[in-house]
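The values are calculated or read from the model by the stated rules, or taken from the named source; none is laboratory data. From a predicted model like this one, the values you see are computed outputs, not experimental measurements. Positions of Cβ are backbone-derived with ideal geometry, glycine not excepted, and every protein chain shown enters the neighbour counts.
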Amino acid sequence: MLNKDSGRRSVLIVDPSRLLNELLGRIIAGMEDFEVCGEATDAYSAAAAVSKYKPDIIILASELPGGGRAKFLRRLIPQYAVPVIALVPAEADRGELLLSGAADVIVPPDGTGVANYRTRLTQVFKNALNLREICCGGTNYKMRRQSASAADGDRRLIVIGGSTGSTEALPVVLAGLAQVSDRPPIAAAVHMLGGYTAMYAKRLTKELHISVCEAKDGQRLTAGCVIIAQGAKHLRLQSDGAGYVARVSDGERISGHCPSVDALFLSAATLEPKKTIAVLLTGMGSDGAIGMARLRERGAFTIGQDKKSCVVYGMPKAAYDMGGVCRQSALENIAAEIKHKLKEWT
């Protein structure tokens, strides 16, 4: 069920009407568990958007130029079986869309009763995400699971830490990983004050078109998710037998900081370090060095940002001096290093 992952799921809106796109965007923006990842106005741009964003849910809002929605569904579902919600007036025939692979059919919003419509649409989304398969043209297709958890046998993990300069360095790394279809969960701890990390996560989500959220205690990490340590709170990870879970807590400063990169890295070292990639970005001081050394000692692949590309070559240098860095890399090359290692594990 959706409540296993408190990160927001991505929704692609497919509709030629700008007004309806904007209305749906406002409705979904007010949802706690969902966000718009992109928009498309016809079947051709929709196919490109699906390939780019790999959405968890698609909304087909009205008829498409150059081909009907049923035709689009019959092409889409065999290749990319995710829930598709079709918006159809109450008096219209819905049978063809359901037979062609729509997960559900509901009436479109009319601009009134937005809060009630948001509640209804949220429930439709959640119900659709529980489907295990969908029938399209008489054939059943297993639903694609964008957010398969570590319980499915994938124990890979990426942890990232940083401080001074890292609020701008982290987006560079994430942008380079945005198109990795089987991206492992990413947990990051950056030295930030309380009250700023939620806004920072929203900014990254908007700019990078990937789901980034402020970590919540008890949140299950899922494939493709990115969680950011809350300002002034420690983020640690643990395994509960079914997968990885975030633990968020108050506490004394560790290595001089809260959130502490060492707190995150040391917790990751107790999980599956041989399937873990740790990255230490630009920052003043030595937070993260102890945790990175422990991770490397236990078999993790560790990357330190190099001196030339750092704003402050403090934290990566401390980790390097302790023997905790497998590879030093320029900021613009870190994502490529991560992708190369992930390919080795496939």
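Being over 19 Å from residue 124 (Cβ atoms) and either within 21 Å of the chain's Cα centre (by Cα) or not assigned by TED's automatic domain parsing to the domain that holds residue 8 (or both) is the filter here, so list the residues in segment 21-38 that pass it.
Of everything in segment 21-38, just one residue is over 19 Å from residue 124 (Cβ atoms) and either within 21 Å of the chain's Cα centre (by Cα) or not assigned by TED's automatic domain parsing to the domain that holds residue 8 (or both), namely 38.
May I ask you to list pairs of residues, at least six apart or on different chains, whose Cβ atoms are under 6 Å apart, with the first in segment 317-344 being polar (S, T, N, Q) and the second being assigned to a helix (DSSP H, G or I)?
Pairs found: 329/337.
Scan segment 95-110 for residues that are of a type in the set (D, E, K, R) and within 17 Å of residue 15 (Cβ to Cβ) and jot them down.
Those that are of a type in the set (D, E, K, R) and within 17 Å of residue 15 (Cβ to Cβ): 104, 110.
Within segment 186-202, does at least one residue satisfy the condition of being buried (at least 19 other Cβ atoms within 10 Å of the Cβ), β-branched (Val, Ile, Thr) and modelled with pLDDT of 95 or more?
Yes: one or more hits.
I'd like to check something: does segment 4-20 contain any residue that is of a type in the set (Asp, Glu), modelled with pLDDT of 85 or more and surrounded by 15 or more Cβ atoms within 10 Å (Cβ to Cβ)?
Within segment 4-20, one or more residues are of a type in the set (Asp, Glu), modelled with pLDDT of 85 or more and surrounded by 15 or more Cβ atoms within 10 Å (Cβ to Cβ).
Just to verify a result, which residue in segment 78-130, among those that are of a type in the set (S, T, N, Q) and over 23 Å from residue 30 (Cβ atoms), is surrounded by the most Cβ atoms within 10 Å (Cβ to Cβ)? Full working, then the answer.
To start, the set of residues in segment 78-130 that are of a type in the set (S, T, N, Q) comprises 79, 100, 112, 116, 119, 122-123, 127, 130.
Narrowing further to those that are over 23 Å from residue 30 (Cβ atoms): 79, 100.
Numbers: 79: 11, 100: 22.
Once the filter is applied, the top-ranked residue is 100.
Can you tell me which condition residue 116 does not meet? The list is (1) part of a helix (DSSP H, G or I); (2) out of contact with any Asp or Glu (no Cβ under 7 Å at 6 or more places or on another chain); (3) modelled with pLDDT under 90, and all the others hold.
Condition not satisfied by residue 116: (3).
Counting residues that are among the charged types (D, E, K, R) and in contact (Cβ under 8 Å) with a residue 24 or more places away in the chain, which strands (runs of 3 or more DSSP E) fully inside segment 1-110 reach at least 2?
Hits in segment 1-110: 34-40.
Can you tell me which of (1) touching an Asp or Glu at 6+ places or on another chain (Cβ under 9 Å); (2) part of a strand (DSSP E or B) is the one residue 134 doesn't meet?
Against the list (1) touching an Asp or Glu at 6+ places or on another chain (Cβ under 9 Å); (2) part of a strand (DSSP E or B), residue 134 comes up short only on (1).
Give segment 168-195 a look and list any residue that's in a helix (DSSP H, G or I) and among the charged types (D, E, K, R), or say none.
Pass one, segment 168-195, residues in a helix (DSSP H, G or I): 168-177.
Within segment 168-195, 168 is the sole residue that qualifies.
Report, by residue number, each residue of segment 139-167 that is part of a helix (DSSP H, G or I) and modelled with pLDDT under 80.
150, 151, 152
In segment 23-47, what residues are among the β-branched types (Val, Ile, Thr) and out of contact with any Pro (no Cβ under 6 Å at 6 or more places or on another chain)?
Result: 27, 28, 36.
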